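For reference, the structure is listed below as structure tokens.
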Amino acid sequence: MTRVYLIRHGETEWNQIRRYQGHSDVALSDRGREQAQRLVKRMAKEKVDRVHASDLSRAVETARAVAEAKGIEVVLDARFRECNFGAWEGLTFPEIEKAYPEEIKIWNRTPAKVCLPGGESFPIVQQRAFAALQELIAKHDGENIAIVAHGGTIRTLLCAILDVDLDRAWQFRQDNTALNVIDFYDGKGIIERINDVTHLLPGAFPESESGVK
């Protein structure tokens, strides 16, 4: 059995204002760094043998927080990047709705059927990310692997693991530093949890939050 922890990166300032990031290299906000540290506490009792991540800084910084706590290095893989949103990158949701009214309707209803202007489609993202995931599972059988990626990318991976249509991708909520746990047996994934953000809840770590070491 190989256990995979699929983790979304911490919050960025663009996340806060609902601005599309994609391949744009946006750093974590102060709140995102706090979320990453709370994730580290959540993962403290989990066995992690390897940490892999997208090569975008928001994923790298989140991954390094986890890896440093475990005393291991982060391995970067561009295949775990977010979808390239092309002309939409840097635009807010309202700006996209105004400039691309028909495209955004299709994107919201059936995301698998849209290739974003100057960017990628979800099927392309799924193909590259799932290939990377399968390689890790085959190469590191019996280990526990943390992978820090992005909301869109993780949604496509969950669709692939469950063998469901990519048009259902938006049905998987993925908050910042969300933890998804999947156990793989002979290449088949059994999902233990999706979008676990209990570490962000008030009182999740009462001793440390009260100043008691």
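Taken together, the values in this text are just the output of simple stated rules run on the coordinates, not laboratory data. Only a predicted model underlies this, so the values are computations on that prediction, with no experimental measurement involved. Note: ideal-geometry Cβ built from the backbone for every residue, glycine included; neighbour counts use all protein chains shown.
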> In whole percent, what relative contact order does region 57-131 give with Cα contacts below 8 Å and a gap of six or more residues?
Replying inline: 32 percent
> Dipole of the chain, Cα-centred, from +1 at each Lys and Arg C-beta and -1 at each Asp and Glu C-beta, to the nearest 20 debye?
Replying inline: 280 debye
> Among 55, 163, 196, which one shows the biggest mean-square fluctuation in a GNM of the chain, springs joining Cα atoms closer than 10 Å?
Replying inline: 163
> Rounded, prolate or oblate: which fits the chain, taking a ≥ b ≥ c as square roots of the Cα gyration tensor eigenvalues, rounded meaning a/c under 1.5, else prolate when a/b beats b/c?
Replying inline: oblate
> Over 24 Å between Cα atoms, which of 41/188; 47/188; 70/139; 41/139 qualify?
Replying inline: 41/188; 41/139
>> Using amide H atoms built in the peptide plane, which far-off residues or other-chain residues are under 5 Å from residue 75 H to H?
In response: 51, 52, 53
> Which lysines does residue 105 reach when only Cα atoms under 16 Å apart count, and residues fewer than 8 places away in its own chain are ignored?
Replying inline: 113
>> Using the Cα centre of region 110-213 as origin and beta-carbon charges of +1 (Lys, Arg) and -1 (Asp, Glu), tell me which of 152, 178, 195 is placed farthest towards the positive end of the dipole.
In response: 152
>> Just to be sure I understand: with springs between alpha-carbon atoms less than 10 Å apart, which residue in 101, 117, 202 has the highest mean-square fluctuation in the Gaussian network model of the chain?
In response: 202
